[in-house]
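Presented below is the structure to which this report refers.
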Amino acid sequence: MRISARADYAVRAALQLAASRDHGPLKAEAIAAAQDIPHKFLESILNDMRRGGLVLSQRGGNGGYRLARPAESISIADVIRTVDGPLVSVRGVRPPELSYTGPAESLLPLWIALRSNVREILEGVSLADVASAQLPAEVSALTSTPGAWVNP
């Protein structure tokens, strides 16, 4: 699985909003500076997140962006899907729409299992979890397995 720059930036921006939700709306410039995200790219991402119902925007001197819902109710999967579409696809196609024959036939259940695991992790972690550094135990456990931090 590959996390695009767009998805990474969107999650980081959402986390910045989650961390500052008690301080009013944040300007895109402030989010971009805090997370070292190119401002123009961030504006496009925030517009997608606004259209997707994840953030609200407010114009004016005290304007900016804020989360549309509590951080506890927005999963990392919600953010990624809003800016990038499906979490797992094969050549741009969702796994249930694929079919294989012969020795490749068992690839479909493999892709479905992969999608299921990705969903389980990303849907099970909220912005609040990450912003507070309180990942669910089952997610934290995955980071402590031998080789988790090593590239093969």
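The residues of segment 113-147 that are touching a helix residue (DSSP H, G or I) at 6+ places or on another chain (Cβ under 7 Å), outside any helix (DSSP H, G or I) and open to solvent by 50 Å² or more (accessible area, probe 1.4 Å) amount to a single one, L135. Looking at P109, is it modelled with pLDDT under 95 and outside any loop (DSSP other than H, G, I, E, B)? For P109, the condition - modelled with pLDDT under 95 and outside any loop (DSSP other than H, G, I, E, B) - is met.
Quick check on A19: is it touching a residue at least 60 places away in the same chain (Cβ under 8 Å), touching a helix residue (DSSP H, G or I) at 6+ places or on another chain (Cβ under 9 Å) and surrounded by 18 or more Cβ atoms within 10 Å (Cβ to Cβ)? No; evaluated as a whole, the condition is false for this residue.
Residue count for segment 58-76, restricted to those that are outside any helix (DSSP H, G or I), small (G, A, S), surrounded by 15 or more Cβ atoms within 10 Å (Cβ to Cβ) and in contact (Cβ under 8 Å) with a residue 24 or more places away in the chain: 2.
Could you list, in sequence order, all residues of segment 77-91 that are part of a loop (DSSP other than H, G, I, E, B) and either under 30 Å from Q16 (Cα atoms) or open to solvent by less than 50 Å² (accessible area, probe 1.4 Å) (or both)? G85, P86, L87, V88, S89 - these are the residues of segment 77-91 that are part of a loop (DSSP other than H, G, I, E, B) and either under 30 Å from Q16 (Cα atoms) or open to solvent by less than 50 Å² (accessible area, probe 1.4 Å) (or both). Here I3 meets each of (1) under 21 Å from R69 (Cβ atoms); (2) out of contact with any Lys or Arg (no Cβ under 9 Å at 6 or more places or on another chain); (3) among the β-branched types (V, I, T) with one exception, condition (1). Go through the residues of segment 44-56 one by one and say whether even a single one is surrounded by 12 or more Cβ atoms within 10 Å (Cβ to Cβ), more than 15 Å from the chain's Cα centre (by Cα), more than 18 Å from A7 (Cα to Cα) and at pLDDT 95 or above. Among the residues of segment 44-56, at least one is surrounded by 12 or more Cβ atoms within 10 Å (Cβ to Cβ), more than 15 Å from the chain's Cα centre (by Cα), more than 18 Å from A7 (Cα to Cα) and at pLDDT 95 or above, which makes the answer yes.
The values are calculated or read from the model by the stated rules, or taken from the named source; none is laboratory data. Note that the structure is a prediction, hence the values are computed from the model and not measured. Positions of Cβ are backbone-derived with ideal geometry, glycine not excepted, and every protein chain shown enters the neighbour counts. Quick note on the areas: whole protein, heavy atoms, side chains included, nothing else; ligands and nucleic acids left out. Shrake-Rupley method; radii C 1.70, N 1.55, O 1.52, S 1.80 Å.
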